[in-house]
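Asker: Please find one structure pasted underneath; my questions will follow.
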Amino acid sequence: MEFSTIADAPEKSRSDCIVVGVFEGNELSEPARLVDRASKGFLSGVLKHGDLEGRVGSSLLLHNVPGVAATRVLLVGLGKRAEFGSRAYRDAMRSAVRALTDSGATSAAAYLAQVPLADRDVRWALQQAAAVASDASYRFDQLKSKKPDRRGLKTLALQADDARNGAAAVGRGAAIGAGVSLAKDLGNLPSNICTPTYLARRAQELARRHKLECQVLDEREMEKLAMGALLAVTRGTREPAKLIVLHYRGAGRKDKPVALVGKGITFDTGGISIKPSAEMDEMKYDMSGAGSVLGTLEAVARMKLAVNVVGIIAACENMPGGNAVKPGDIVTSMSGQTIEILNTDAEGRLVLADALTYAERFEPAAVIDIATLTGACVIALGSVASGLYSNDEGLAHELLDAGQQSWDRAWQMPLWPDYDEQIKSPFADVANVGGRPAGSVTAACFLARFARKFRWAHLDIAGTAWRSGKDKGSTGRPVPLLTTFLMQRADAAAAPAPSRPAKRSAAKKTRKAGRKR
Ligand code: BES
Ligand code: MN
Ligand code: ZN
């Protein structure tokens, strides 16, 4: 979908459809009032018949509205005016786009972003409008032999009185939308197509398009690096493993990069500790962390953000086989720590262990790993929040805040040393499982052992990366969170000098406090 901004009055827009909001109790928003006046009371006449209650998510499509240049008028419910905030706004925007997609309109102009929000400004509203519209109009039909005949919405203009700031906000939202779409596509692709080699190809293609540097390490090179943990996971499969490294350089050479480390298990059978067959198809999504790294780089590159980012993807399959790693096997990770692999289905932490150690060489300002790591995280937080763990309170708060801003929320979980008891091994330095209690926490504690040399955070996206059931598919999360996190870093660095030293020292203090585990 193409986005633009528009400053015309709603009744003057020549699009296929204009979108205006109505609160509960037939109370018109400002743009709706303009349309009502231009149409000599047509809207209030329709509303008087009780056709639209104004509930959030409801909508009503009108044709031939007098005095209006557009072919159609879509009324969308905004809920109670007193309760109109970011949640209602996003829901209204989403249902508007759904209704537009089902209508015959290919172009539309939405007049929702200027409606005052209790908790956010217009720039936020414009950015969200583009991101939500892109998300809501996504379809995955590339593997259907006959493409469904979908005219669909092609262009969406968003009302912005301040054209320059408006266009920048819409551009950022559209970039997030493009990043989310890429992550969704990669997640939705089945494992017979989306192999480690395929992920590497897509990374190289992304690098070509945005002039990034891309390096793909094969198993021989991983052996030279002594990546015993990652190589243990890939032993059972015939698909070659890949370690994919991407560099986005938007800031100065001396600016330390943020490293994003993605779990890229293109299919997780569990290995010798094999999974039950019910819903095993969903393990094609086990590379969603990797997909979110590529999606975030896509968004950041489109925005030309002034940050440096290194993307690291540990890609392989987890399969049983004659050569597969077996429960009880002990391997030596790149860090030198030995690991007793008690369950071959706890493979994500193994590939991440070596990828985290590999990240050290970039002297990162912060490292964030993203992984569909544990079923236990789904039990703890469901599909609403991603699990967040960090060895640095300042970093944790930046990420939590980015999650709130982007409505791609995370919830912080404990990394207390008390939990380390569960992953002790009498035979090796650490065991790769810690039993059923607090399964998401002990997985994070395992990773923390490989992240001692930098500020680090871990996002367990097992519950948020995809949806099951009738509307199944990848969500593209946490691309909005990660991109917003990087945007906030870039914007903070660009902020006028006086506010900077104060901010930094405050961040340092909390950082130190956070390090005490
Ligand atoms: N990829 C899975 C985690 C997962 C399972 C995510 C189901 C979403 C839905 C991961 O590799 C895994 O198998 N984890 C095990 C760990 C256990 C063996 C300690 C799990 O969660 O059962
Ligand atoms: Mn597994
Ligand atoms: Zn897995």
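The values are calculated or read from the model by the stated rules, or taken from the named source; none is laboratory data. Since this is a predicted model, take the numbers as computed values, not measurements. Note that we place each Cβ from the backbone using ideal geometry, even for glycine, and neighbour counts take in every protein chain shown. The accessibility values were calculated without ligands, DNA or RNA, using every heavy atom of the protein model including side chains. Shrake-Rupley method; radii C 1.70, N 1.55, O 1.52, S 1.80 Å.
Asker: Does the range 308-330 hold any residues that are more than 16 Å from ligand 2 (Cβ to nearest atom), over 18 Å from the mean Cα position of the chain (by Cα) and either part of a loop (DSSP other than H, G, I, E, B) or aliphatic (A, V, I, L, M) (or both), and which are they?
Answerer: G322, N323, G328, I330
Asker: Within the range 238-270, take every residue that is within 13 Å of ligand 2 (Cβ to nearest atom) and β-branched (V, I, T) and give me the one that is surrounded by the most Cβ atoms within 10 Å (Cβ to Cβ).
Answerer: T266
Asker: Can you name the condition, by its number, that S335 falls short on among (1) away from ligand 1 (no atom under 16 Å from the Cβ); (2) assigned to a loop (DSSP other than H, G, I, E, B); (3) farther than 20 Å from A448 by Cα?
Answerer: Failed condition: (3).
Asker: Filter the range 313-330 down to residues that are open to solvent by 20 Å² or more (accessible area, probe 1.4 Å) and more than 16 Å from T237 (Cα to Cα), then give me how many there are.
Answerer: Count: 4.
The rows are residues; the columns are (1) open to solvent by 40 Å² or more (accessible area, probe 1.4 Å); (2) under 19 Å from E2 (Cα atoms).
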position	(1), (2)
S58	no, no
P66	yes, no
A70	no, yes
M93	no, yes
S107	no, yes
L117	no, no
D121	yes, no
L126	no, yes
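Asker: Name every residue in the range 50-63 that is at pLDDT 95 or above and more than 33 Å from the chain's Cα centre (by Cα), in order of residue number. Outline the logic, then answer.
Answerer: Restricting attention to the range 50-63, the residues satisfying the condition of being at pLDDT 95 or above are 55-56, 58-63.
Result: L62, H63.
Asker: Can you tell me which residue within the range 455-474, out of those that are within 16 Å of ligand 3 (Cβ to nearest atom) and not small (G, A, S), is surrounded by the fewest Cβ atoms within 10 Å (Cβ to Cβ)?
Answerer: W466
Asker: Based on this model, can you work out whether R436 counts as open to solvent by 40 Å² or more (accessible area, probe 1.4 Å), within 16 Å of ligand 2 (Cβ to nearest atom) and among the charged types (D, E, K, R)?
Answerer: yes
Asker: Quick one: in the range 246-279, of everything that is away from ligand 3 (no atom under 16 Å from the Cβ) and touching a Pro at 6+ places or on another chain (Cβ under 7 Å), which residue is farthest from P478 (Cα to Cα)?
Answerer: Per the stated criteria, the residue is K256.
Asker: Considering R361, R452, R409, which residue is open to solvent by 10 Å² or more (accessible area, probe 1.4 Å), touching a Leu at 6+ places or on another chain (Cβ under 9 Å) and more than 16 Å from ligand 3 (Cβ to nearest atom)? Walk me through it before giving the result.
Answerer: Details: R361 fails: touching a Leu at 6+ places or on another chain (Cβ under 9 Å); R452 fails: touching a Leu at 6+ places or on another chain (Cβ under 9 Å).
Going through R361, R452, R409 in turn, just one is open to solvent by 10 Å² or more (accessible area, probe 1.4 Å), touching a Leu at 6+ places or on another chain (Cβ under 9 Å) and more than 16 Å from ligand 3 (Cβ to nearest atom): R409.
Asker: Considering only residues that are away from ligand 3 (no atom under 13 Å from the Cβ) and of a type in the set (D, E, K, R), look in the range 280-317 and name the one that is farthest from A495 (Cα to Cα). Write out each step before concluding.
Answerer: From the range 280-317, those away from ligand 3 (no atom under 13 Å from the Cβ) are 281, 291-313; that's our starting set.
From the residues that got through so far, the ones that are of a type in the set (D, E, K, R) too are 281, 298, 302, 304.
Numbers: D281: 47, E298: 24, R302: 21, K304: 17 Å.
By that ranking, first place goes to D281.
Asker: Further question on the same structure: I'd like to check something: does the range 341-351 contain any residue that is away from ligand 2 (no atom under 16 Å from the Cβ) and either touching a residue at least 24 places away in the same chain (Cβ under 8 Å) or surrounded by fewer than 20 Cβ atoms within 10 Å (Cβ to Cβ) (or both)?
Answerer: no
Asker: Further, regarding this structure: Could you grab me the full set of residues in the range 352-372 that are within 13 Å of ligand 2 (Cβ to nearest atom) and either part of a strand (DSSP E or B) or without any contact (Cβ under 8 Å) to a residue 12 or more places away in the chain (or both)?
Answerer: A371
Asker: Still on this structure, please answer the following. Out of K284, K263, K275, which single residue is in contact with a strand residue (DSSP E or B) (Cβ under 8 Å, 6 or more places away or on another chain), among the basic types (K, R), within 13 Å of ligand 1 (Cβ to nearest atom) and part of a helix (DSSP H, G or I)?
Answerer: K284
Asker: Can you find a residue in the range 453-471 that is more than 20 Å from the chain's Cα centre (by Cα), among the small types (G, A, S) and modelled with pLDDT of 95 or more? Reasoning before the result, please.
Answerer: Going through the range 453-471, the residues more than 20 Å from the chain's Cα centre (by Cα) turn out to be 453-455, 469-470.
Adding the requirement that they be among the small types (G, A, S) leaves 469.
Next, only the ones that are modelled with pLDDT of 95 or more stay: 469.
Yes, the range 453-471 has at least one match.
Asker: Quick check on the range 373-395: of everything there that is part of a loop (DSSP other than H, G, I, E, B) and open to solvent by less than 40 Å² (accessible area, probe 1.4 Å), which residue is nearest to G434 (Cα to Cα)?
Answerer: Of all residues in the range 373-395, those part of a loop (DSSP other than H, G, I, E, B) come to 373-374, 382-385, 391-392.
Those still in the list that are open to solvent by less than 40 Å² (accessible area, probe 1.4 Å) too: 373-374, 382, 385, 391-392.
On the way: L373: 14, T374: 12, G382: 21, A385: 23, N391: 20, D392: 23 Å.
Restricting to residues being part of a loop (DSSP other than H, G, I, E, B) and open to solvent by less than 40 Å² (accessible area, probe 1.4 Å), the top hit is T374.
Asker: Here is a further query. Can you confirm whether G228 is surrounded by 18 or more Cβ atoms within 10 Å (Cβ to Cβ), of a type in the set (G, A, S) and within 16 Å of ligand 2 (Cβ to nearest atom)? Walk me through how you get there before you give the answer.
Answerer: Values: surrounded by 18 or more Cβ atoms within 10 Å (Cβ to Cβ): yes; of a type in the set (G, A, S): yes; within 16 Å of ligand 2 (Cβ to nearest atom): no.
For G228, the condition - surrounded by 18 or more Cβ atoms within 10 Å (Cβ to Cβ), of a type in the set (G, A, S) and within 16 Å of ligand 2 (Cβ to nearest atom) - is not met.
Asker: Can you name the residue in the range 439-474 that is over 25 Å from G336 (Cα atoms) and touching a Pro at 6+ places or on another chain (Cβ under 9 Å) and, of all such residues, is farthest from ligand 2 (Cβ to nearest atom)?
Answerer: The residue in question is T464.
Asker: Only one of these is at pLDDT 95 or above, more than 16 Å from ligand 2 (Cβ to nearest atom) and either of a type outside the set (D, E) or open to solvent by 10 Å² or more (accessible area, probe 1.4 Å) (or both): S277, S288, S333, S273. Name it.
Answerer: Only one candidate passes the filter, namely S333.
Okay, residues lined up against (1) at pLDDT below 95; (2) in a strand (DSSP E or B):
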{"residue": "I18", "(1), (2)": "no, yes"}
{"residue": "K40", "(1), (2)": "no, no"}
{"residue": "G45", "(1), (2)": "no, no"}
{"residue": "G79", "(1), (2)": "no, no"}
{"residue": "A113", "(1), (2)": "yes, no"}
{"residue": "A118", "(1), (2)": "yes, no"}
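Asker: Mind checking which residues of the range 203-251 are closer than 14 Å to I312 by Cβ and among the small types (G, A, S)?
Answerer: Across the range 203-251, the qualifying residues are A203, A207, A241.
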